[in-house]
1. Among the candidates V14, V43, V21, single out the residue that is surrounded by 11 or more Cβ atoms within 10 Å (Cβ to Cβ) and more than 11 Å from the chain's Cα centre (by Cα).
2. Restricted to segment 1-11, and to residues that are surrounded by 10 or more Cβ atoms within 10 Å (Cβ to Cβ) and of a type in the set (A, V, I, L, M, F, W, C), which residue is nearest to the chain's Cα centre (by Cα)?
3. Being within 30 Å of T16 (Cβ to Cβ) and touching a helix residue (DSSP H, G or I) at 6+ places or on another chain (Cβ under 7 Å) is the filter here; which residues of segment 34-64 pass it?
Amino acid sequence: MNPVSRTRTVAEAVFTWLAQVGADPRDDEDTRLRKALLLLISVLILPISLIWGTLYLAFGAAGG
């Protein structure tokens, strides 16, 4: 298995696992998809917000 396939397989497994977090077996398909989308967007935004916060503090903008 080449590194690209392995990385893709791991990423798919992680995204599948994340999509199932908070899923309720009683949810209909639309609700399940909405929950999965909300969670995946939140997880994808997290690193960007950490970089933004670090840069904000590094350039002294918080000190006023």
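1. Working: V14 fails: more than 11 Å from the chain's Cα centre (by Cα); V43 fails: more than 11 Å from the chain's Cα centre (by Cα).
Unique residue meeting the criteria: V21.
2. Filtering first and then ranking leaves A11.
3. Passing the criteria: A36, L39, L40, V43.
Bear in mind that the values in this text are calculations on the coordinates, not laboratory data. Because the structure is predicted, anything quoted here is derived from the model rather than measured. When we count neighbours, we look across all protein chains shown, and the Cβ atoms used for this are built from the backbone with ideal geometry, even at glycine.
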